[in-house]
Amino acid sequence: MPDAPRFRRALRTPLGMSAAVATTIIALVAIFGPMVFGDTADRIDTDQIGRHSGLEHPFGTDALGRDIAARVMVATRLTLELTLFATLIAAVGGIVLGVLPTVLGKRAGRLVTATVSLLVAFPGLLFVLFLAVIFGVGTYSAAFAIGLGAAPATARLVQNLTLSIAGIDYVAAARILGVGRFKIIVRHVLPNIAEPVVLFLSQTAAGILVAFSGLSFLGLGVQPPDYDWGRLLNEQLDRVMIDPMSAVGPGSAIVLTGITFGLIGEVIAKMSGGRTAPQGEVAADPSGAESPVVDRAPEGLLHIDHLQVRFPGGHTAVRDVCLTVAEGEAVGIVGESGSGKSLTALAAAGLVPHPGRVDAHTLRFAERDMRTQAPQGTSMAMVFQDPMASLNPALTVGRQLSEVAEVHHGASRAAATARAVARLGAVRIPKPEQRVGQRPHEFSGGMRQRVMIAMGLMGEPRLIIADEPTTALDVTVQSRVLGLLRDVRAESGAALLLISHDIAVVSQVCDRVVVMYAGRVVEELPVGDLAAGVAHPYTAALLGAIPDMTTDRDTPLVTIPGRPPEPGEDLAGCPFAPRCERASDRCRTEQPVLEPIGPGRRVACWDPVTTHTPESEEAR
């Protein structure tokens, strides 16, 4: 929800001041109106029956000689009570129906969604009248009917907003942490949809006010001796042609109060500040629930064999990827956008988005088979690509970090906060004691990236997956983040899987480089061999496109001609052949196999640029 400074700024505007003044007047009339004007409103005076409007009676008198202006003042309290009661019913019913599809299973969720869609499609006024007949004539029966009638529209909004938040990475991260569905809804979803929902409800309240006044006007709402503004309009219906002012009082009250609700909504919109929904978070891994332990895989900490990630429509985004990351090792995956490097990392973390399907001969992390189990505790951490979209804007940074310690280590709130302060200090964020109480928008881009790394360190990760951690950062901040990753790895002993489109970035941090193209691994080699000569033409092209201090500034930068294959495009031969100057007929018709060409080196190419062999290694 909007913070205090934004609230004060909004109130200083003409719109804010108008809303504040109108709200204050209506509130004062509702509180003190019955006390000040109660006797006048109820006093029957046969000598004043049917008096026209004048100085003594601004809106005239009714059929019993009672002052209409006084009755309008007294009716303000009941009218507002019923309007807010019906709005509360609409809010509670709409929020419950809106979040149920996220909490329930697929079938039950679809049933709730279909029911809401049916109710929204039904004419609102007819639905309210139908409910009013069912619940019977009466004050609170009518309020209940109107509240339920407004709930489906609220539910539709909440459903749409919830779906937009539920697919975001920080919600996925909370699920991985083992946070229950109810807590995810309360802690991560509802705070981030509160502003548009409150804005919608403020507008809905104006409609409810008019609808309830309409029911009372028709005789289905407030019943004598009680009265609201709609009931007062009904009482003056017979005199409206003789003395129109008798209906101006209650009618004006309805219109002006409805406008005030609208002004409140506009002020809320101003205070919201245009917050956007974020899309990511540091993910320590899935639930800490115990599961059977298998023997440690001899291949390494992370072992992937023949991984494939498919999407509906015949789109295979990752094809037969084989990858191993040893304890404490730093491995970089590089390639152009769409090469499948990020999906490979997401598959390793069990975070491939629906409706993606992951298949592999082997997909093992530490002691667990990831095809049937999830990583345990906080043994895996993930730093997503977008630092601003990777943190929940509704929570303080300290609260988001401490959640890891509370869920997995059973730490108290104070102990978890102290650990969060220590981790922020470890990633060189100044004044961490103050920073834990701030929200993500108060951090710079580089500092948000450090916060994400700190979140991964809230546990004791054995593997840190960093997906494009330096994207959109300037060179100086990028260097600091890379240096921090090196230090974190050295101090914690964790392995690192670094995804980047920049092979120069990977070479600064990693021990080994895996090059991907069109969803396939085309080359794998130690970082030290990059200068000695790469084998695949695509890797050579990536290196050639990197300028250095000796590059002639008058010479155009090297580019790779052509374009990568389209998603789902299945080529018969090597996928890089259409862009490769060395391509032969065999390259265009036969898919090369990833084969060893030396110690720690593999390449998938029929005509490699250089051939690295054990003999050449010894000679070198």
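Counting 0.36 nm for each residue step from Glu595 to Ala20 and taking away their Cα separation leaves a gain of 199.7 nm. Among the aspartates and glutamates, which fall within straight-line cross-link reach of Lys431, defined as a Cα-Cα distance under 17 Å, with same-chain neighbours fewer than 8 residues apart omitted? Excluding near neighbours in sequence, the set is Glu442. Overall, the chain carries a charge dipole of about 920 debye about its Cα centre when +1 sits on the Cβ of Lys and Arg and -1 on the Cβ of Asp and Glu, all other atoms neutral.
Highest average first, the peptides 490-496, 502-508, 345-351, 120-126 ordered by how many other beta carbon atoms sit within 10 Å of their residues are 345-351, 502-508, 490-496, 120-126. Which whole-number percent is the relative contact order of the chain (Cα, under 8 Å, 6+ apart)? Averaging sequence separation for qualifying contacts and normalising by length gives 12 percent for the chain.
Can you tell me the FRET efficiency between Ala572 and Ala422 if r is taken as the Cβ-Cβ distance and R0 is 41 Å, rounded to the nearest 0.05? List each step's numbers first, then the result.
Values: r = 56 Å, r/R0 = 1.36.
Between Ala572 and Ala422 the formula returns 0.15.
For a quick protection proxy, order the peptides 135-141, 481-487, 11-17 by their average other-Cβ count within 10 Å, most packed first. Could you put the intermediate results ahead of the total?
Details: 135-141: 15.7, 481-487: 18.7, 11-17: 13.3.
Sorting 135-141, 481-487, 11-17 by mean packing, highest first, produces 481-487, 135-141, 11-17.
For the chain, the antiparallel share of DSSP beta bridges with both residues in that region comes to about 60%.
Using semi-axes √(5λ) of the Cα gyration tensor in Å as the read-out, say which of [x] 66, 25, 22; [y] 47, 32, 21; [z] 37, 33, 25 was calculated from these coordinates. Comparing each candidate, only [x] matches the computed number.
Between Thr362 and Val255, the simple label model (points 7 Å from Cα in the Cβ direction) yields a spacing of 7.9 nm. Aspartates and glutamates within cross-link reach of Lys341: Cα-Cα under 14 Å, excluding same-chain residues under 8 positions apart? The qualifying aspartates and glutamates are Asp320, Asp467, Glu468, Asp502, Glu523, Glu524.
If the Kirkwood radius is taken over C-alpha pairs of region 528-594, then at 37 °C and 0.692 mPa s the Stokes-Einstein diffusion coefficient equals 237 µm²/s.
Straightening the chain between Arg181 and Ile560 buys 131.8 nm, computed as 0.36 nm per residue apart minus the Cα-Cα spacing.
Extension gain Asp552-Glu56, at 0.36 nm per residue separation less the Cα-Cα distance, in nm? Present the calculation step by step, with values, prior to reporting the outcome.
Working: separation 496, 0.36 × 496 = 178.56 nm, distance 9.26 nm.
Contour length minus Cα-Cα distance gives 169.3 nm.
What FRET efficiency comes out for the pair Glu433/Asp474, r = Cβ-Cβ distance, R0 = 22 Å, nearest 0.05? My answer for the efficiency is 0.20.
Report note on the peptides 188-198, 42-52, 433-443: ranked by the mean count of other C-beta atoms within 10 Å, highest first, their order is 188-198, 433-443, 42-52. Taking 1.306 mPa s as the viscosity and 10 °C as the temperature, the Stokes-Einstein diffusion coefficient of region 72-162 based on its alpha-carbon Kirkwood radius rounds to 115 µm²/s. Using the Kyte-Doolittle scale, which helices in the chain average at least 1.6 and also have C-alpha atoms spread 24 Å or more along the helix axis, with helices defined as whole DSSP H runs? Membrane-span-like by this criterion, though nothing is claimed about a membrane: 68-103. The ranking of Met370, Met382, Met516, Met35 by Cβ neighbour count inside 10 Å, starting from the fewest, reads Met35, Met370, Met516, Met382.
Bear in mind these aren't lab numbers, they're just calculated from the coordinates by the rules spelled out. Everything numeric here is computed off the predicted structure, so don't read it as measured data. Counting neighbours? That spans all protein chains shown, and the Cβs are built from the backbone with ideal geometry, glycine included.
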